[in-house]
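Only one structure is covered here, and it is reproduced in the block below.
The values are calculated or read from the model by the stated rules, or taken from the named source; none is laboratory data. In this text, all values refer to a predicted model and were calculated from it rather than measured experimentally. Here the Cβ positions follow ideal geometry from the backbone for every residue, glycine too, while neighbour counts run over all protein chains shown. Protein only, heavy atoms only, side chains kept; ligands, DNA and RNA dropped before computing areas. Shrake-Rupley method; radii C 1.70, N 1.55, O 1.52, S 1.80 Å.
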Amino acid sequence: MANNKTTNKAANPTTQKKGFSIDLKTWGPFVALLALALLGVLINPAFLGLDNLSNMLTRSAFIGIIAIGATFVITAGGLDLSVGAMAAFIAGVMIILMNSLVEQFGAGLTTVLFGVGASLLLGLCAGFINGMVTTKGKIEAFIVTLGTMGIYRSLVTYLADGGTLTLDWAVRDIYRPVYYGSFLGITIPVWVFLAVAIIGYILLNYTRFGRYCFAIGSNEKVAEYSAIHVDRIKTMTYMLQGVCVALATIIYVPRLGSASGATGVLWELEAIAAVIIGGTMLKGGHGRIWGTVVGAIMLTMIGNILNLTDAISNYLNGTVQGIIIIVAVYLQRASWRKTAP
């Protein structure tokens, strides 16, 4: 009997793993977020203060919204390095447009709505250009978006004449609630972040478009043979990314009321880091919206913890984020090698 039991266990190894276990691919980002929060409390009890938490979530909203768009692009096997420069360019055009409309419409809601509409249109067009050049031009997304990153950064610097574009003070007073306002005690940027996350989750997991993104990212050739319009879907992911950048810019502009060539620097790094930390595969075919949300909050939390301690300079925030990206991608590769047949 003892020999039979031993034989059965050997024939079916899955029966040996009945103990408690956590799926780290799914819950790993949430566990890491809790561990970071615990570290923050241990370093400084003020970490859990309502003002600090509110400020941290509000700052997460910018990168979080952009990162949700990046989740679609990366899941479909693409990459967009132009998001930070795109945000700076959109912010600059918004400010110029709204300032020029003050004489005609006054510093009121109409002027702000024109600026918001221009932002969304520019984001959509910028995403369309990235998508079309990548798919129809058959050029690597890395090269295309690296080029547009330089173009947008140069354009906003030109528009600002090497300086800073400043929003009319009267318009800014009307526009301020978009960043500084709150509803039910939660700031407007956080509500927008939550709404974009919910829409992104439904779009990626419960629609044909989302399934096509997974299929294209897994194997583009097989997706093409399956009658999926690969170029159209990939272009749509870049357009979605552009709209997300525009939304983030809309809630960013009233914060400082200015834009320059330095606006949005390293946002592309933070957006990609949030996506990868959240469990989305950099090589495509596997994406998680809520993981991206957690990744964006984690990045802001790291910066917040660095601010609360003197052990590491806050200027090394980019270094920490870079290390996190490299480690996250390495762990992903190791994990997939283990599960490969």
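Summary of computed values
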| item | result |
| --- | --- |
| Some residue of the range 154-161 being over 27 Å from M132 (Cβ atoms) and touching a helix residue (DSSP H, G or I) at 6+ places or on another chain (Cβ under 8 Å) | yes |
| Neighbours by Cβ (under 8 Å, 6+ apart or cross-chain): first from the range 77-88, within 14 Å of I272 (Cα to Cα); second basic (K, R) and not in a loop (DSSP other than H, G, I, E, B) | G77/K234; G78/K234 |
| Some residue of the range 43-58 being out of contact with any Gly (no Cβ under 9 Å at 6 or more places or on another chain), open to solvent by less than 10 Å² (accessible area, probe 1.4 Å) and not β-branched (V, I, T) | no |
| Count of residues meeting criterion [open to solvent by 10 Å² or more (accessible area, probe 1.4 Å), of a type in the set (A, V, I, L, M) and outside any loop (DSSP other than H, G, I, E, B)] in the range 71-104 | 5 |
| Test: A107 is buried (at least 22 other Cβ atoms within 10 Å of the Cβ), in contact (Cβ under 8 Å) with a residue 12 or more places away in the chain and in contact with a helix residue (DSSP H, G or I) (Cβ under 7 Å, 6 or more places away or on another chain) | no |
| Test: residue in the range 136-143 that is buried (at least 18 other Cβ atoms within 10 Å of the Cβ), modelled with pLDDT of 90 or more and within 21 Å of L240 (Cβ to Cβ) | yes |
| Any chance A271 is buried (at least 23 other Cβ atoms within 10 Å of the Cβ), in contact (Cβ under 8 Å) with a residue 24 or more places away in the chain, among the small types (G, A, S) and in contact with a strand residue (DSSP E or B) (Cβ under 8 Å, 6 or more places away or on another chain) | no |
| Wholly within the range 147-232, helices (runs of 4 or more DSSP H) carrying at least 2 residues that are open to solvent by 80 Å² or more (accessible area, probe 1.4 Å) and more than 22 Å from M86 (Cα to Cα) | 169-175, 188-205, 208-218, 220-225 |
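For every residue, the table says whether it meets (1) hydrophobic (A, V, I, L, M, F, W, C); (2) part of a helix (DSSP H, G or I); (3) under 30 Å from I233 (Cβ atoms); (4) in contact with a Pro (Cβ under 9 Å, 6 or more places away or on another chain).
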| position | (1), (2), (3), (4) |
| --- | --- |
| T263 | no, no, no, no |
| A271 | yes, yes, yes, no |
| I276 | yes, yes, yes, no |
| W290 | yes, yes, yes, yes |
| T300 | no, yes, no, no |
| I305 | yes, yes, no, no |
